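Structure record follows, encoded as structure tokens.
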Amino acid sequence: RPHLAALVFQSRGGTNGHSARAVGYLPRSGLVRSAASFVTLLIRGADTCGWPTAMQRSFRHIKPTGFYFRLDRPVATSPQTPIKPKHSGKSHSPSGIKNPTLYSVQNCTFAQAKTTNLNQPTPNMKGILIVNMGGPQSLAEMRTFLWKMFTDKHILPFAAPFRYSLAWIITTARYKKSWAKYESIGGTPLVRTTEEIAKSLAQALPNNYKIRVAYSYNNPFIADELAKFAADSILEVEVVSLYPHYSITTLQSVKDDAESAAYKLGISLRVALPYYDNSHYIQFWVNNLRKHIVEQSYKMPLLIFSGHSIPNSFLDKGDCYPNEIEESARLIATELGLAYRVSYQSQIGKKWLGPITEELLAQMATQKPDQEIVIVPISFVNENLETLYDIDQLIIPTAKALGIKSISKVPIPEADTDFVAALADTIQQNRFYNCGHSCKLCGKSFNPEVPDDAARKKHIPTYCCTRIPNGR
């Protein structure tokens, strides 16, 4: 907290347990606010590290001492062998404490430190936060997933009271049916493959990067993983989403969540631009499609690039998602020398981005039923419910029932080297949102000094992606 002068924890190891002593230094000004924040922080640490409940409720050890407050709390590992705190009897200032150690409530480990500054940056270390949507692993997580998704203002852009009420209705009505779909595909592989991508990216980057994985709608959440970076004194973090294309519903949601959390933690944050036209990303799909076409013995298949649909209302706000989908499709099809169409799937209502994949295939069934077709799930980089259920179990069987003879979906490989190279290239080529000089929606740069710049008129300036409180 800004009003805390210092917070130092000392530990003493033992054969059967350990004791911890916390000494907090709080200014007398703003006494109630400071004491409340201090107690809250200690309870949080106690909850995280499994301190006994009785000790959590006991605050009789708080004593005013000079210009500071002192808190001595013994922590016993068993009722039979309580360990009493050792009081030094010396000065209660930071300089009077022997062998100060900083305590991380994030992972419950003690780490030696030469300073009491909890925000001391780790030299030359940067954090990379890989962010994906999330994949529920149980019925309870399914409910959390839907609740988090539909309370996201980027998904349901309504006033908070109405959004939360609608989210409760949708979540309650759908979570069991949605979980049944996940069970029909044997559970989503998204979490496992996301972690594999992170591991592969760690090998492709220099060793001064520390990589973590977070999800928008499932544990571990974005704010929690950023807090772990801060606890490790890594105060420069770069966020790379597994959304190749920009949309208000995906990348903008990640960007806003990450920037809000980073601001509160004092982290300098940058968010990677979309990489829909990155040469490695294009090659990732080209190589995958070539292999699939050979395996299926196709000659000249039609490529149908199927992206996840979004409400048309977002297009009215300037969402450039379909433009970037179209550009990826064009680059991939041109490289392969094949004809292609772009469509969208997994829509919920009527006023959603089209053409809809099922409707396009129904049209193909009446016009060219003998046409070889390969569905490319262009907006996804992991197999998930939309690919394994919506495409494999609904779209393709329906197309075959309508008379299309040769149709298949190209599978998405796990942690493909070309895809990982696209992420590494984005980081190493410094392709991040340019604070104040790039469009909030598509990331394209413009000259802010020229009022009549044509690009400036067409694009919306983003707010600075590096926002540090208190001038730090």
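What about Leu315, is it touching a helix residue (DSSP H, G or I) at 6+ places or on another chain (Cβ under 8 Å) and within 21 Å of Pro355 (Cβ to Cβ)? It would help to see each step written out before you state the result.
Values: touching a helix residue (DSSP H, G or I) at 6+ places or on another chain (Cβ under 8 Å): yes; within 21 Å of Pro355 (Cβ to Cβ): yes.
Spelling it out, Leu315 is indeed touching a helix residue (DSSP H, G or I) at 6+ places or on another chain (Cβ under 8 Å) and within 21 Å of Pro355 (Cβ to Cβ).
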Among the residues of the range 428-448, which ones are closer than 24 Å to Ala198 by Cα, crowded, with 20+ Cβ neighbours inside 10 Å and either at pLDDT 90 or above or polar (S, T, N, Q) (or both)?
Phe432
Exactly one of Glu238, Glu225, Glu259 is part of a helix (DSSP H, G or I), among the acidic types (Asp, Glu) and modelled with pLDDT of 95 or more, and that residue is Glu225
Options Gln347, Gln367, Gln363: the member that is within 26 Å of the chain's Cα centre (by Cα) and surrounded by fewer than 21 Cβ atoms within 10 Å (Cβ to Cβ)
Gln347
What number of residues within the range 392-409 satisfy the criterion of being within 17 Å of Tyr298 (Cα to Cα) and not charged (D, E, K, R)?
5
Quick count over the range 180-193, residues being out of contact with any Gly (no Cβ under 8 Å at 6 or more places or on another chain) and under 21 Å from Leu251 (Cβ atoms), is 1
Going through the range 383-415 in order, the residues found to be under 18 Å from Ser309 (Cβ atoms) and not in a helix (DSSP H, G or I) are Asn384, Lys409
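Can you tell me which residue among Ala258, Ala223 is under 24 Å from Cys320 (Cα atoms), touching a helix residue (DSSP H, G or I) at 6+ places or on another chain (Cβ under 6 Å) and among the small types (Gly, Ala, Ser)? So that I can check it myself, show each step before the final result.
Numbers: Ala223 fails: under 24 Å from Cys320 (Cα atoms).
Only one candidate qualifies: Ala258.
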Taking interchain pairs and intrachain pairs at least six residues apart, which have beta carbon atoms under 6 angstrom, with the first residue in the range 330-355 and among the charged types (D, E, K, R) and the second in a helix (DSSP H, G or I)?
Glu335/Val286; Lys351/Asn312
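Residue-wise test of (1) surrounded by 12 or more Cβ atoms within 10 Å (Cβ to Cβ); (2) out of contact with any Ser or Thr (no Cβ under 6 Å at 6 or more places or on another chain); (3) of a type outside the set (Val, Ile, Thr); (4) under 16 Å from Val131 (Cβ atoms).
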residue: Ala167; (1), (2), (3), (4): yes, no, yes, no
residue: Trp179; (1), (2), (3), (4): yes, yes, yes, no
residue: Gly186; (1), (2), (3), (4): no, yes, yes, no
residue: Pro189; (1), (2), (3), (4): yes, yes, yes, no
residue: Glu195; (1), (2), (3), (4): yes, yes, yes, yes
residue: Ala202; (1), (2), (3), (4): yes, yes, yes, yes
residue: Leu205; (1), (2), (3), (4): yes, yes, yes, no
Checking Val271 against (1) out of contact with any Lys or Arg (no Cβ under 9 Å at 6 or more places or on another chain); (2) in contact (Cβ under 8 Å) with a residue 40 or more places away in the chain, which single condition isn't satisfied?
(1)
Which listed residue is touching a helix residue (DSSP H, G or I) at 6+ places or on another chain (Cβ under 9 Å) and closer than 22 Å to Lys351 by Cβ, from Ser306, Ser279, Ser328:
Ser306
Give Arg192, Arg212 a once-over and let me know the one that is assigned to a strand (DSSP E or B) and either under 18 Å from Phe380 (Cβ atoms) or modelled with pLDDT of 95 or more (or both).
Arg212
Filter result (outside any helix (DSSP H, G or I) and more than 21 Å from the chain's Cα centre (by Cα)) within the range 150-176
Phe158, Ala159
The range 274-300, subset within 18 Å of Pro413 (Cα to Cα) and of a type in the set (A, V, I, L, M, F, W, C), residue surrounded by the most Cβ atoms within 10 Å (Cβ to Cβ)
Trp285
Going by what's in this entry, would Ile248 be described as assigned to a loop (DSSP other than H, G, I, E, B) and crowded, with 19+ Cβ neighbours inside 10 Å?
yes
Just give me the residues in the range 356-367 being touching a residue at least 40 places away in the same chain (Cβ under 8 Å) and not in a strand (DSSP E or B), in sequence order.
Thr357, Glu358, Leu360, Leu361, Ala362, Met364
Given Glu335, Glu383, Glu372, which one is of a type in the set (Asp, Glu) and in contact with a strand residue (DSSP E or B) (Cβ under 9 Å, 6 or more places away or on another chain)?
Glu372
Is at least one residue of the range 393-401 at pLDDT 95 or above, surrounded by fewer than 22 Cβ atoms within 10 Å (Cβ to Cβ) and closer than 22 Å to Val294 by Cβ?
yes
Of the conditions (1) under 27 Å from Tyr263 (Cβ atoms); (2) in contact with a Pro (Cβ under 9 Å, 6 or more places away or on another chain); (3) hydrophobic (A, V, I, L, M, F, W, C); (4) at pLDDT 50 or above, Ile412 satisfies every one except a single condition; which number is it?
(1)
Can you pull out the residues in the range 301-344 that are surrounded by fewer than 19 Cβ atoms within 10 Å (Cβ to Cβ), assigned to a loop (DSSP other than H, G, I, E, B) and at pLDDT 95 or above?
Gly337, Leu338, Ala339
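The values are calculated or read from the model by the stated rules, or taken from the named source; none is laboratory data. It should be emphasised that the depicted structure is a prediction, and the values quoted were computed from it without experimental measurement. A quick note on method: Cβ atoms are made from the backbone with ideal geometry, for glycine too, and the neighbour counts reach across all protein chains shown.
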